Number of protein chains: 2
Amino acid sequence: MDTALDVHRALTDDELRRLDAYWRAANYLTVGQIYLLDNPLLREPLTPDDIKPRLLGHWGTSPGLNLVYAHLNRVIVARDLNAMLVTGPGHGGPAIVANTWLEGTWSERYHDVARDEVGMSRLFRQFSFPGGIPSHVAADVPGSIHEGGELGYALSHAYGAAFDHPDLLVACVIGDGEAETGPLAGSWLSDVFLNPARDGAVLPILHLNGYKIANPTVLSRIPEADLLDLLRGSGYQPYVVAGDEPAQVHRTFAATLDRVLDEIAEIQRRARSGGVVERPRWPMIILRTPKGWTGPREVDGSQVEGTYRAHQVPLSGVRDNPAHLAELEHWLRSYRPEELFDATGAPVRELLDLPPHGDRRMSANPVTNGGVVLRDLALPDFRDYGVEVPEPGTPIAGATGVLGPWIRDVISANPQTFRLFGPDEVASNRLGAAFEVTDRAWVAATVPGDDHLSPDGRVMEVLSEHLCQGWLEGYLLTGRHGVFTSYEAFIHIVDSMLNQHAKWLKVTRAIPWRQPIASLNYLLSSHVWRQDHNGFSHQDPGFIDHVVNKKAEVVRVYLPPDANTLLATMDHCLRSRHYINVVVAGKQAAPNWLTMTEAIQHTRRGLGIWEWASNDGGTEPDVVLACCGDVPTLETLAAAELLRQHLPELKVRLVNIVDLMRLQPDTEHPHGLTDREFDTIFTEHRPIIFAYHGYPWLIHRLTYRRTNHENLHVRGYKEEGTTTTPFDMVMLNDLDRFHLVIDVIDRVPGLAARAAHLRQRMVDARQAARDYTRQYGEDDPQVAEWRWVRETDPTTP
Amino acid sequence: MDTALDVHRALTDDELRRLDAYWRAANYLTVGQIYLLDNPLLREPLTPDDIKPRLLGHWGTSPGLNLVYAHLNRVIVARDLNAMLVTGPGHGGPAIVANTWLEGTWSERYHDVARDEVGMSRLFRQFSFPGGIPSHVAADVPGSIHEGGELGYALSHAYGAAFDHPDLLVACVIGDGEAETGPLAGSWLSDVFLNPARDGAVLPILHLNGYKIANPTVLSRIPEADLLDLLRGSGYQPYVVAGDEPAQVHRTFAATLDRVLDEIAEIQRRARSGGVVERPRWPMIILRTPKGWTGPREVDGSQVEGTYRAHQVPLSGVRDNPAHLAELEHWLRSYRPEELFDATGAPVRELLDLPPHGDRRMSANPVTNGGVVLRDLALPDFRDYGVEVPEPGTPIAGATGVLGPWIRDVISANPQTFRLFGPDEVASNRLGAAFEVTDRAWVAATVPGDDHLSPDGRVMEVLSEHLCQGWLEGYLLTGRHGVFTSYEAFIHIVDSMLNQHAKWLKVTRAIPWRQPIASLNYLLSSHVWRQDHNGFSHQDPGFIDHVVNKKAEVVRVYLPPDANTLLATMDHCLRSRHYINVVVAGKQAAPNWLTMTEAIQHTRRGLGIWEWASNDGGTEPDVVLACCGDVPTLETLAAAELLRQHLPELKVRLVNIVDLMRLQPDTEHPHGLTDREFDTIFTEHRPIIFAYHGYPWLIHRLTYRRTNHENLHVRGYKEEGTTTTPFDMVMLNDLDRFHLVIDVIDRVPGLAARAAHLRQRMVDARQAARDYTRQYGEDDPQVAEWRWVRETDPTTP
Ligand SMILES: Cc1ncc(C[n+]2csc(CCOP(=O)(O)OP(=O)(O)O)c2C)c(N)n1
Ligand SMILES: Cc1ncc(C[n+]2csc(CCOP(=O)(O)OP(=O)(O)O)c2C)c(N)n1
Ligand SMILES: [Mg+2]
Ligand SMILES: [Mg+2]
């Protein structure tokens, strides 16, 4: 390829004129949405009554977005591209809405907003208007998979969309402000994980309009040579398109786009011609144009166009200030609407002819409505992967290690629609079986001795929770499936990304043309109780709390107590749609409790009385021992056995909870138990000692309306921890078996007197267990190797 | 400066030998900590009994850290530097601990771990041992301000420490894995905000050991030319030190350090010689050495040194496998301990002479124990900044706008110890008064028309919540003060950083030699209820929920209802120590309720009955209207007035809460009310209608133990929102005045029948208010302009 751009041959004069008209139309429609209640075609002079009372929206970014959109339309048609757009500066909502209206999709989705004068008037009115549409590139906008409200995730979403979509071009506008965020800065190197043979292409367009809300941007004020170095260092070949003279920018941008698309085609051709897949230098574009370009140059004596003042609404006094009103009218008319829309208010033929048609329109690309292209996973029968559980407590096997082979076969059976994501923890989370059939995606140098790295890998490992989350979201939103496995503590890193995804799911449930997508599945092993190598910083079970604040209809939380239950749970999650499923399960060797048949039943019910561990004989118990989470379940069973041995007359009911949302009232969550069911299981008056995996108050928050809430006593993680042994950890938080026995003694009426000796022995047992760790550095084997013994077993000590 | 390094002149042979001995000593002590229970000096052949039962810790990163530490020691002495070290790979805890022991600080802090054989034995034993010390560079480690457990924040912490410490050199080791995280990637450009004249220097040392846990790192596998471009593009001059032959690496590293420090000195000299301050090209180091360098080359046939297998514990079977035991002994002896430690077990004189002494030791630098250098802020009397409140409801003034001038004067009065941080929102959050006395820190290009940018600015604005948080943490941890102002929704971006800081605060409270530092103050304006320009993605009050999961003794949450209360609250926060204070306050024009005297009283109490808005005349009311947050307070007062008008015989008590933690029992939180106090205010049996700013269930979680919890009915944000009017927002969530009246009617026994008409009118009023917004696009002025009218006022409509 030669290096000189042929700026003058990319567009004929006629093409230039038509592109510019399209751009003016989109700009006109953008300004109209921000300002106008009525008089959409300016058939009359503007009056204050035509103006919205509240002027909302973001103009500054919009002309740039409109330029990008128009030019992409040209090349989509010229090359019959399968393309979509991720709009980083999603606050430019009116720009993208304008484009979807111009290309007809908006009216197809929303019949009352036709491509005519009445429709245009509604288009304008509805924007940021009560009962209308939001200000951003929200889910309401056809073609959007990215609202762009919280900045930072544009590029990771774009890469996620491109994975396993070999024919797709994902253009991605990145604001120069957004580029300052950590998550965006950490996304550039995603190209190391994109296989040019198997995956589609991402075309980053860094929109260097120079400003964010009230400040210049860093990338626009460092030397351009530095900026180019930065992007080259990330593996790109940046092309700069700069200017403020429309015709010149149109020509340069068109020529650059042609060039860049030629390079992408060549990269893909080479990668797909059968040779070795190597990391190419992907082209990208830096678009350096003024913020608020073509808007008011100056307002009230201050420069606006080309400054941060253009960010939102440049003319703010339009209703009361006749000069502002006149300037607005002048501004609107500068786009020459009379040339752009016909007598009916429809875009003129020339405009209609410019964009692609049908599914080629970026706003109608089926992958942007992921549910439409989503196919069920081929799931191997998880029952074949379980552990044999001859009796409760045997064998000892880590849950995720058992899950691994099933995940492996899910990968094999779905070679184009499923990926596993993790921040360098897939192997340490014991899912290494995956590497029997695939590798880690890696399109950079390798050396002998490398462990399962290849461009074809289907495991996505990068030390960035943000990237894992962003890629997975992009992958799901475009119709595929995945699992994200991570440390429990560090998944908080993506709290805010989860918020945004949960909001997206909630909103799209109510948008009739949006089809449900696959659920976002978290598998959190390496959880709070087993941070043996690490310490306090790695101990935090609060992600669950964070998730349950989201809208009930989109969140599910599971804490399977053992391997078979984990298998049944994951199978359920991978079949589910449009949820966020949080699954917490240990990776460490641990006893298994349920046969596969029992596990399936238990998972379906979401919770259940474990009869084999209860001795209430179906009558009302003296105490309910409830447990949720693998470690609390183990401690509770050990406590139950201690009670059985030492207080055999005490009637104990043991309840295990897998599906945390079962605890909420059915009025609050679709999985909630009715009060009657809850009362039956947890009794109306008996003490409940609840051993919970996470922060204890969450259980109270979920159950405070239940009849027996007053008798509910919860143990859980109370933010006490350090680098120590597993049993010392539960003792630090009073969640250990001995303390649970003490809790029972303290809560069951009448027991205190009777069981004083046992209570004291429990206090001593805690002290002894603690002393043992201080002396030997590990847990007393009597504690660590405790095994459940069946009640009838005569060998019970 | 010339460009060729004089590798051979940096170190004499003797210096080289001494440096290498020091490095070997640190490596020996590192391995000892990971493995040894006893026999610290290998006076006897190793036996299985000498080995810890649980082998924990991270070897891989340690030899690199030890190398950096030793070389920094050399130059600190040679140049009498004031230096500290931020250890990104904080899992290399044993390495840093080893160094602090070698230089004596560890023994000064922990007298039982002396620099002798017994001390060494304790040093080894305590590491990652129950009752001992954590595995990371935790707060227990002298000289640490950064645990490095959750990766990503090393460089932002380092910059935060350097601000306003002109003489300080902050060396910062960044793991090549950590460099993949978003927050770290977004930290490189911090140099744009560092003023070489006023601030200290940061020396990033990118530790390219090639691997993370189970994978190679991206930066080690892209072409080195790309890596250099990337760093140059961020404004650095990178110097590569590479090799695996110790002597050669020592020489190159020493020469490079000299070079780099010369450059830094020259940069500072130039910047401080009175001319214009410009952005220099800061030098930095890329250290490319093998992971697990000097450790076992191969274990059980697999290469370990120089691969990811060296990450944790290279020889894992030492206790049971005699071959492993022998290899460990061989490895330990390879450092020639007999040359390094004398007969008493103390480091030999030559080692003692190498590091700096006293406060010059990085582990003893007073800034790393921030409380020691912390000085109280000079705080202007906030009472002088309040609004006159002639009667409740007047004047209309936005709270943060009133706060602005006080913040401005705090900045002026503390020109070296206070900064304001925000992600491009200081002006939009109405704190623009700050710019009357200072600028935004900015050390890049400026253009005419720029708004308050200069190298001397004390407002830190960058579009990265991660950077704001990281800088502020680094600033606070080294003894200064600050405020972080941000959108309420997007502060979730730093949830996990907050976790880590809260953990640090909790742990350091229990470390006697650590002095309390200034609190981390969040001012969240632009909150959930007033996202007029934006939509659902910007509406999330859950940060409060996240924060209250942290240890009670370190978190405080305030929701001042008006401007004077905000002033009193912020004054309190800036005087406080060692907390995380979350303050939520609106920026929009709103009524003010309390005079300054009342506001002070109210803030001190944390909550109170507003007598002027109650009509229970000091007797038991029929209903308690509780409110917390500015918007809920407004709606509650409007509801109270409606009740007063339409049900004048109903005895209403209005309670406002500023300090959310007052709601918790005193056993749970130091600010908690006793049950008696709570019962007095909220009654034991009367319905409480609680209008809360955030998610309603948080109030239940805080109060579920209270006597009257059963009668508590909370309205708050239930995750319903979009771009709409302020009143439509409260209606969408049933928090509006009309709905609160309905709630009262529905909950006060006997009222339902009597107030049926009023109830219906309220339903109609909601509908009418809604219809108004749909028609006019704004709130009905009757609603929006509602003002509180004193009870006795005859003009009450
Ligand atoms: C994470 C985050 N922090 C803060 C904001 C508030 N915000 C909205 S738009 C904007 C400026 C965006 O600037 P840029 O990315 O350059 O977009 P453009 O200039 O194209 O509008 C900011 C800071 C946000 N949306 N997200
Ligand atoms: C945010 C975060 N995600 C995951 C981890 C788990 N983790 C601990 S160490 C490590 C690898 C670190 O690699 P690097 O930064 O290169 O350090 P080094 O090679 O020097 O050990 C990982 C992924 C973590 N500590 N923090
Ligand atoms: Mg911008
Ligand atoms: Mg590394």
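Buried surface between chains A and B: roughly 9500 Å² of accessible area, summed over both sides, computed with a 1.4 Å probe on protein heavy atoms only. Dividing the summed -39500 (n - 2.57) terms of all DSSP H runs of n ≥ 4 by the residue count of chain A sets its mean residue ellipticity at 222 nm at -11000 deg cm²/dmol. Going Cα to Cα from B:Lys651, which aspartates and glutamates come in below 14 Å? Please leave out same-chain ones fewer than 8 positions away. B:Lys651 reaches B:Glu611, B:Asp616, B:Glu620, B:Asp622, B:Glu641, B:Glu791. In segment B:677-717, the residues whose accessible area drops by at least 40 square angstrom when the other protein chains are added to the isolated chain are B:Trp697, B:His700, B:Arg701, B:Tyr704; the probe is 1.4 Å and only protein heavy atoms count. With both labels modelled 7 Å from their Cα along Cα-to-Cβ, the B:Gln767 to B:Ala413 distance reads 5.6 nm.
For segment A:662-786, the solvent-accessible area works out to 41 Å² per residue, with a probe of 1.4 Å and every protein chain left in place. Axis of helix B:117-126 versus longest Cα principal axis of chain B: the two differ by about 40°, to the nearest ten degrees. Between copies, the label points at B:Arg577 (set 7 angstrom from Cα along Cα-to-Cβ) are spaced 6.0 nm, reported in nanometres from shortest to longest. For A:Glu278, the point set 7 Å out from Cα toward Cβ sits 4.0 nm from its twins in the other copies, listed from shortest up. Axis of helix B:246-272 versus longest Cα principal axis of chain B: the two differ by about 50°, to the nearest ten degrees. Please identify which residues in segment A:44-65 have an amide N closer than 16 Å to a label point set 7 Å out from the Cα of B:Gln775, following the Cα→Cβ vector. It comes to A:53, nothing else.
Taking amide H positions as modeled 1.01 Å from N, with prolines and chain starts lacking one, the residues under 5 Å from B:Val313 and 5 or more places away or on another chain are B:Trp59. In this structure segment B:382-591 gives 22 Å² per residue of accessible area when probed at 1.4 Å with all protein chains present. Of the solvent-accessible surface of segment B:14-362, computed with a 1.4 Å probe over protein heavy atoms with every protein chain present, carbon and sulfur atoms account for 49 percent. Computed from phi, the 3J(HN,Hα) profile of segment A:540-552 under the Karplus parametrisation 6.51, -1.76, 1.60 (θ = phi - 60°) reads 7, x, x, 4, 4, 4, 4, 5, 6, 6, 6, 4, 3 Hz, with x in place of Gly and Pro. Residues of segment B:137-180 that become at least 50 Å² less accessible with every protein chain present than in their own chain isolated, using 1.4 Å: which are they? Residues losing area: B:Glu180. For segment B:430-458, accessible area lost to neighbouring protein chains reaches 50 Å² or more, against the chain alone with a 1.4 Å probe, at B:Trp442. Carbon-plus-sulfur accessible fraction, segment A:607-785 (probe radius 1.4 Å, protein heavy atoms only): 46%.
Charged neighbours of A:Phe421, selected by a Cβ distance under 12 Å, balance to -1 (K, R count +1; D, E count -1). With all protein chains in place and a 1.4 Å probe, the accessible surface of segment A:382-591 carries 50 percent carbon and sulfur. Each Lys and Arg Cβ is given +1 and each Asp and Glu Cβ -1; about its Cα centre, the protein assembly as shown then shows a dipole of about 680 debye.
Derived scalar couplings between HN and Hα for segment B:414-422 equal 9, x, 10, 9, 9, 9, 10, 10, x Hz in order, rounded to whole Hz, by the Karplus curve 6.51 cos²θ - 1.76 cosθ + 1.60 (θ = phi - 60°), x for Gly and Pro.
Listed values for segment B:213-222 are Karplus-derived 3J(HN,Hα) couplings in whole Hz (6.51 cos²θ - 1.76 cosθ + 1.60, θ = phi - 60°), namely 6, 9, 9, x, 9, 4, 5, 8, 10, 8, and x replaces Gly and Pro. If R0 equals 51 Å, the separation of the Cβ atoms of A:Ala343 and A:Asp167 corresponds to a calculated FRET efficiency of about 0.80. The distance separating the Cα centre of segment B:712-751 from that of segment A:620-665 comes to 39 Å. Among the listed pairs A:Lys52/A:Lys550; A:Lys587/B:Lys718; A:Lys550/B:Lys551; A:Lys506/B:Lys506; B:Lys503/B:Lys718, those whose Cα-Cα separation exceeds 27 Å are A:Lys52/A:Lys550; A:Lys587/B:Lys718; A:Lys506/B:Lys506; B:Lys503/B:Lys718. Looking at segment B:116-269, the accessible area is 19 square angstrom per residue; that uses a 1.4 Å probe and ignores ligands, DNA and RNA.
Taking the longest Cα principal axis of chain B as reference, the axis of helix B:737-747 is set at about 80 degrees.
The values are calculated or read from the model by the stated rules, or taken from the named source; none is laboratory data. All of these numbers come straight from a predicted model, not from anything done at the bench. Cβ atoms come from the backbone with ideal geometry, glycine included; neighbour counts cover every protein chain shown. Ligands, DNA and RNA are excluded from the accessible area calculation, which covers all protein heavy atoms including side chains. Shrake-Rupley method; radii C 1.70, N 1.55, O 1.52, S 1.80 Å.
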